[in-house]
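One structure, pasted below without further comment.
The values are calculated or read from the model by the stated rules, or taken from the named source; none is laboratory data. Fair warning: this is a prediction, and the values are worked out from it, not measured in the lab. Cβ placement follows ideal geometry from the backbone for every residue including glycine, while neighbour counts extend to all protein chains displayed.
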Amino acid sequence: MEFTSTTVHHHRYLFPLLSSHTNQSLHFLNHSPNPSIHLKRRPINLRYPPRDSRSLTISASSQAAPVSVEASIGVPSEMKAWVYSEYGGVDVLKLDSSVSVPEVKEDQVLVKVAAAALNPVDFKRRLGKFKATDSPLPTVPGYDVAGVVVKVGSQVKNLKVGDEVYGDISEAALENPKQSGSLAEYTAVEEKLLALKPKNLDFFQAASLPLAIETAHEGFERAGLSPGQSVLVLGGAGGVGSLAIQLAKQVFGASKVAATASTGKLDLLKSLGVDIAIDYTKENFEDLPEKFDVVYDAVGQSDRAAMAVKEGGSVVVLTGAVTPPGFRFVVTSNGDVLKKLNPYLESGKVKPVIDPKGPFPFSQVVEAFSHLETNRAVGKVVISPIP
């Protein structure tokens, strides 16, 4: 996510905006110039040399020095994975049974994937919306993962073989994301991006959380939401919105939370703890007499959202163009945020919201993408079990 912040007419407009191509970046508008960030792309070979599945030491990729790793017996050299070799619609997705299992660098662990989840950034990336900063093709898509650690790099300090973990595998969703993603039997992830899976959650529930919950949390952090303030969430039935409602109440201590959804999803909003459920098909939220300290816009209605915020309040926007230009930074995947939120998940105060059409089996990834791209999904679209 990229964030921008500014003060305009006494409102603090925190436009945590996804770039125009994805909902993975947040902007905070500021009157300062927008510094450019240049990243060098380096090619990554998706297929690695075969290796003995019984070996307890392997080499990392040819671009890194060899590192010693622990491993469980039986990790194969090849795996099943969904791959696309060109940008386009869902038809470019192909199930490949002979993709090389990714190498493990010294700060990484190899995760045997049990479940994964889709985000809008996944299909926008597949469409080539940000190809200028994407990793090289072919690509195994997927950011969200839950699974079991089967190998650890030499510099890994806290995780061990057998740990059940979850996280967003790419530190920056838009800047050279991992070429070998979570829609595969195995994926290699930096230890710092992962947390132990909440004990009360199944793998498919845990997989639904990382990117969405980190996005919701970061938005409120940047907006400066404090206990006793009021919040309006636009798009409360979506993956980010459903978690934003819960975090506002349970983690940040909001005194009142309102949210919008269509008629059939109002009961879901109430079950998540909203005080005011707004049917956007019948009401205009900006016409409400009450204004809010923070408006969290998860659907891209920033102009209307600004009409619902109090003087001096903050608007958080996840998609759409923002002016004036401001400084930019990327919200990164962060295992520490997941660790911070684990007690709320384990206590049941914050719950994952899974689309009722799922989980989709691994063989139906194309169907899962198609459903996500209708923009009618409720909560998160999850793939489980894998394979």
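Need the failing condition index for G153 against (1) in contact (Cβ under 8 Å) with a residue 40 or more places away in the chain; (2) over 20 Å from V101 (Cα atoms), just the number.
(2)
Right, next: When the residues of region 231-262 are filtered to those that are polar (S, T, N, Q) and surrounded by 22 or more Cβ atoms within 10 Å (Cβ to Cβ), which remaining residue is nearest to Y344 (Cα to Cα)?
Restricting attention to region 231-262, the residues satisfying the condition of being polar (S, T, N, Q) are 242, 246, 250, 255, 260, 262.
Imposing the further condition that a residue be surrounded by 22 or more Cβ atoms within 10 Å (Cβ to Cβ) reduces the set to 242, 246, 260.
Details: S242: 15, Q246: 10, T260: 24 Å.
Per the stated criteria, the residue is Q246.
I would also like to ask the following. Identify the residue in region 106-137 that is in a strand (DSSP E or B) and under 16 Å from the mean Cα position of the chain (by Cα) and, among all such residues, is farthest from V165 (Cα to Cα). Give the derivation first.
Here is the first cut: in region 106-137, the ones in a strand (DSSP E or B) are 108-118.
From the residues that got through so far, the ones that are under 16 Å from the mean Cα position of the chain (by Cα) too are 115-118.
Details: A115: 11, A116: 12, A117: 14, L118: 17 Å.
Looking at the filtered set, the residue picked out is L118.
Checking the condition of a type in the set (A, V, I, L, M, F, W, C), buried (at least 24 other Cβ atoms within 10 Å of the Cβ) and modelled with pLDDT of 95 or more, which residue from L127, L110 passes?
On inspection, the qualifying residue turns out to be L110.
In a helix (DSSP H, G or I) and either touching a Gly at 6+ places or on another chain (Cβ under 6 Å) or of a type outside the set (D, E, K, R) (or both): is that true of A258 in this structure? Please lay out each step first, then the result.
Numbers: in a helix (DSSP H, G or I): no; either touching a Gly at 6+ places or on another chain (Cβ under 6 Å) or of a type outside the set (D, E, K, R) (or both): yes.
In short, no.
Would you point out the residue of region 138-152, among those that are in a loop (DSSP other than H, G, I, E, B) and not aromatic (F, W, Y), that is nearest to the chain's Cα centre (by Cα)?
So in region 138-152, the residues in a loop (DSSP other than H, G, I, E, B) come out as 138, 141-143.
Add one more test, that the residue is not aromatic (F, W, Y), and what stays is 138, 141-142.
Values: P138: 21, P141: 13, G142: 9 Å.
Result: G142.
Tally time: how many residues in region 183-200 are closer than 16 Å to Q246 by Cβ and surrounded by 21 or more Cβ atoms within 10 Å (Cβ to Cβ)? Even if it seems obvious, please write down each step before you answer.
First, the residues of region 183-200 that are closer than 16 Å to Q246 by Cβ: 198, 200.
Going one step further and asking which of them are surrounded by 21 or more Cβ atoms within 10 Å (Cβ to Cβ), we end up with 198.
Here the count works out to 1.
Can you tell me which residue in region 218-257 is farthest from the chain's Cα centre (by Cα), limited to those that are among the hydroxyl-bearing types (S, T, Y) and farther than 20 Å from A377 by Cβ? It would help to see each step written out before you state the result.
Residues of region 218-257 among the hydroxyl-bearing types (S, T, Y): 226, 230, 242, 255.
With the extra rule that they be farther than 20 Å from A377 by Cβ, the set shrinks to 226, 230, 255.
Working: S226: 24, S230: 25, S255: 27 Å.
Ranking the qualifying residues of region 218-257, first place goes to S255.
Are any of the residues in region 301-315 at pLDDT 90 or above, of a type in the set (D, E) and under 18 Å from the mean Cα position of the chain (by Cα)?
no
Just checking, how many residues over region 276-303 are in contact with a strand residue (DSSP E or B) (Cβ under 8 Å, 6 or more places away or on another chain) and either surrounded by fewer than 16 Cβ atoms within 10 Å (Cβ to Cβ) or assigned to a strand (DSSP E or B) (or both)? Step through it out loud before you land on a result.
Filtering region 276-303 for residues in contact with a strand residue (DSSP E or B) (Cβ under 8 Å, 6 or more places away or on another chain) gives 276-280, 285, 288, 290-302.
From the residues that got through so far, the ones that are either surrounded by fewer than 16 Cβ atoms within 10 Å (Cβ to Cβ) or assigned to a strand (DSSP E or B) (or both) too are 276-279, 288, 290-297.
Here the count works out to 13.
Taking interchain pairs and intrachain pairs at least six residues apart, which have beta carbon atoms under 6 angstrom, with the first residue in region 276-290 and of a type in the set (F, W, Y) and the second surrounded by 11 or more Cβ atoms within 10 Å (Cβ to Cβ) and outside any loop (DSSP other than H, G, I, E, B)?
Y280/T260; F285/T260; F285/I278; F285/A308
Taking region 140-168 as the region of interest, how many residues are more than 17 Å from F362 (Cβ to Cβ), touching a Lys or Arg at 6+ places or on another chain (Cβ under 8 Å) and not acidic (D, E)? Reasoning before the result, please.
Step one: list which residues in region 140-168 are more than 17 Å from F362 (Cβ to Cβ), which gives 149-168.
From the residues that got through so far, the ones that are touching a Lys or Arg at 6+ places or on another chain (Cβ under 8 Å) too are 149-150, 152-153, 161, 164-166.
Remaining after also requiring not acidic (D, E): 149-150, 152-153, 161, 165-166.
Matching residues across region 140-168 total 7.
Could you tell me which numbered condition L266 fails, if it satisfies all but one of (1) closer than 25 Å to K340 by Cβ; (2) assigned to a helix (DSSP H, G or I); (3) aliphatic (A, V, I, L, M)?
Failing condition for L266: (1).
Take region 349-387 and flag every residue that is assigned to a loop (DSSP other than H, G, I, E, B) and of a type in the set (G, A, S).
If we filter region 349-387 for residues that are assigned to a loop (DSSP other than H, G, I, E, B), which is where we start, we get 349-353, 355-359, 361, 373-378, 384-387.
Selection gives G358, A377, S384.
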